[in-house]
Amino acid sequence: AETLNVERIREDFPILEREFDGTQLVYLDNAATTHTPEPVVETITDYYRTYNANVHRGIHQLSQEASIAYEEAHDRVAEFIGASGGREEIVFTKNTTESMNLVAYAWGLNELGPGDEVVLTEMEHHASLVTWQQIAKRTGAECKYIPITDEGRLDMEAADELITDDTKMVSVVHVSNTLGTINPVSELADVAHDHGAYIFVDGAQSVPNRPVDVEAIDADFLAFSGHKMAGPTGIGVLYGKRHILEGMEPYLYGGEMILKVDFEDSTWNELPWKYEAGTPVICQGIALASACDYLDDIGMERIERHEAELAAYAYDRLREHDDVEVYGPPGDDRGGLVAFNLEGVHAHDLSSILNDSAVAVRAGDHCTQPLHDVLGATASARASFYIYNTRAEVDRLVEAVDDARQLFA
Ligand code: PMP
């Protein structure tokens with residue numbers, strides 16, 4: 001039995017009705033981006049139809065309405081991830097990537113130097129890996145990588161040795177977008193804090209899919225993207241502990257982020273506006289708050305269970321043939337995605353054959369090239385699930401993989 005009323009949920013996503021050559025779409029590319037439900041689309045159209053205006057500086061009625069909605073959206077997002085500091089701990093950005101760059105530039109560039117270390121994992125997304133690698137180059141700091149075990153989990157003994165008093169930042173993906181591994185971020189936060197380091201949690205594949213409480217984890221920073229959680233593109237979130245955000249330099253300069261400006265110097269606005277220079281992501285932020293409402297109405301625990309069931313089912317069904325290699329931990333202990341390869345068929349060819357059956361998956365390195373090197377694969381196909389997916393759709397995926405097997409036999 002499915003834990004969610006998927007039939008009812010699907011009514012909110014008309015895009016899922018699309019057919020290609022008479023075959024209904026099976027959308028399994030949710031780790032790349034999810035679809036947007038009608039209530040969130042309505043929030044967007046309602047904004048542009050009735051109260052579109054620039055925020056903060058306006059005295060007129062429209063600007064006041066937009067400002068209140070935009071500011072309250074920060075509070076709503078804070079509540080969604082358990083940030084008791086409210087809006088002051090929530091910076092709206094463009095995406096997860098920008099949230100990471102914000103901290104890397106605003107904190108890393110100023111605080112890191114020779115002898116300092118940033119500890120990452122072998123399963124980091126390029127968003128954090130490339131960012132810290134390049135900031136390390138510019139500051140003389142060094143990046144170290146926690147290795148993965150044969151099962152695709154973090155080697156926690158190695159983590160204990162790699163994180164030392166030289167470590168200034170531990171940046172770790174919460175749920176791997178390639179392996180599906182759910183990492184023990186709260187345990188890693190304790191280790192980081194024991195050594196006086198900060199921990200940055202990449203929540204791009206966890207916040208949309210399971211209950212996440214930043215204070216239970218004790219994360220110093222956490223980032224995620226609206227477009228992976230039933231919200232629009234163009235909005236990301238940086239959560240940061242208030243005292244840390246207060247102490248950091250701004251990342252972008254300009255209007256809105258200042259308090260007082262003269263020709264010689266400037267002072268900064270209060271949190272979070274100090275980090276939101278220029279006209280911000282007004283409509284996207286308001287729509288993200290609406291996505292939080294939508295997901296909370298369904299219930300994050302039920303969403304987590306639904307995805308776990310689909311992932312376990314897909315894992316078992318794909319492995320019915322031993323020419324399929326599935327990466328990462330066992331099916332009953334992973335986030336809602338499955339990356340795999342069919343022996344003798346390149347992932348791109350495989351996904352193109354799946355596309356012929358209107359099954360949408362991703363093929364490539366999923367922005368984890370170094371991880372693919374460790375796995376010994378140049379690419380993989382990835383099926384990723386969300387609230388509207390069904391077991392019948394997993395069956396369609398498996399049938400399409402069977403077609404590919406026959407075609408290349
Ligand atoms: N981290 C992880 C784990 C991801 O899956 C993604 C998106 N693929 C990102 C970071 C980057 O997200 P965005 O492209 O929205 O910045």
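What pairs can you find where one residue is in region 178-193 and small (Gly, Ala, Ser), the other is surrounded by fewer than 21 Cβ atoms within 10 Å (Cβ to Cβ), and their Cβ atoms are less than 6 Å apart, with a gap of 6+ or different chains?
Ala189/Asp218
Name every residue in region 204-214 that is more than 10 Å from the ligand (Cβ to nearest atom) and either in contact with a His (Cβ under 6 Å, 6 or more places away or on another chain) or assigned to a helix (DSSP H, G or I) (or both), in order of residue number.
Val214
How about region 369-404: which of its residues are touching a residue at least 60 places away in the same chain (Cβ under 8 Å) and among the polar types (S, T, N, Q)?
Hits for region 369-404 are Gln369, Ser380, Ser384, Asn389, Thr390.
Does Val77 satisfy the criteria of being surrounded by 15 or more Cβ atoms within 10 Å (Cβ to Cβ), among the hydrophobic types (A, V, I, L, M, F, W, C) and closer than 19 Å to Glu256 by Cα?
No.
Is there a residue in region 189-201 that is under 30 Å from Arg382 (Cα atoms) and more than 16 Å from the ligand (Cβ to nearest atom)? It would help to see each step written out before you state the result.
Step one: filter region 189-201 for residues under 30 Å from Arg382 (Cα atoms), giving 189, 199-201.
With the extra rule that they be more than 16 Å from the ligand (Cβ to nearest atom), the set shrinks to 189.
For region 189-201, residues under 30 Å from Arg382 (Cα atoms) and more than 16 Å from the ligand (Cβ to nearest atom): present.
So is Thr149 more than 16 Å from the ligand (Cβ to nearest atom) and either β-branched (Val, Ile, Thr) or in contact with a helix residue (DSSP H, G or I) (Cβ under 7 Å, 6 or more places away or on another chain) (or both) or not?
yes
Restricting attention to region 210-225, does a residue exist that is charged (D, E, K, R) and at positive phi?
Restricting attention to region 210-225, the residues satisfying the condition of being charged (D, E, K, R) are 210, 213, 215, 218, 220.
With at positive phi added as a condition, the list becomes 218.
For region 210-225, residues charged (D, E, K, R) and at positive phi: present.
What's the total number of residues in region 16-52 that are touching a residue at least 60 places away in the same chain (Cβ under 8 Å) and part of a loop (DSSP other than H, G, I, E, B)?
Looking only at that region, the number is 12.
Which strands (runs of 3 or more DSSP E) sit wholly inside region 215-297 and have at least 2 residues that are in contact (Cβ under 8 Å) with a residue 40 or more places away in the chain, surrounded by 21 or more Cβ atoms within 10 Å (Cβ to Cβ) and not β-branched (Val, Ile, Thr)?
221-225, 236-240
If we only count strands (runs of 3 or more DSSP E) wholly inside region 332-409, which ones have 2 or more residues that are within 18 Å of Glu320 (Cα to Cα) and away from the ligand (no atom under 15 Å from the Cβ)?
337-342
Anything in region 64-113 that is within 16 Å of the ligand (Cβ to nearest atom) and among the charged types (D, E, K, R)? List them, or say none.
Residues satisfying the conditions are Lys94, Glu98.
Any residue at all in region 4-11 that is surrounded by fewer than 17 Cβ atoms within 10 Å (Cβ to Cβ) and either part of a loop (DSSP other than H, G, I, E, B) or within 16 Å of the ligand (Cβ to nearest atom) (or both)?
yes
Filter region 298-315 for residues that are hydrophobic (A, V, I, L, M, F, W, C), under 23 Å from Asp395 (Cβ atoms) and either surrounded by 21 or more Cβ atoms within 10 Å (Cβ to Cβ) or in contact (Cβ under 8 Å) with a residue 40 or more places away in the chain (or both) and give the result.
Ile303, Ala308, Leu310, Ala311, Ala314
Do the conditions hold for Arg302, that is, is it part of a helix (DSSP H, G or I), over 23 Å from the mean Cα position of the chain (by Cα) and modelled with pLDDT of 95 or more?
No.
If I ask for residues that are assigned to a helix (DSSP H, G or I) and either outside the structural domain of Asp395 (by TED's automatic domain parsing) or charged (D, E, K, R) (or both), which ones from region 308-331 would you list?
The answer is Glu309, Asp316, Arg317.
Among the residues of region 188-203, are any under 27 Å from Ser290 (Cα atoms) and part of a loop (DSSP other than H, G, I, E, B)? Quick ask: steps written out before the conclusion?
Taking region 188-203 and keeping what is under 27 Å from Ser290 (Cα atoms), we get 200-203.
Subsequent filtering for residues that are part of a loop (DSSP other than H, G, I, E, B) retains 203.
So far as region 188-203 goes, yes, one or more of its residues are under 27 Å from Ser290 (Cα atoms) and part of a loop (DSSP other than H, G, I, E, B).
The values are calculated or read from the model by the stated rules, or taken from the named source; none is laboratory data. Here the structure is a predicted model, which means the values were calculated and not measured. No Cβ is skipped: glycine too gets one built from the backbone with ideal geometry, and neighbour counts run over all protein chains shown.
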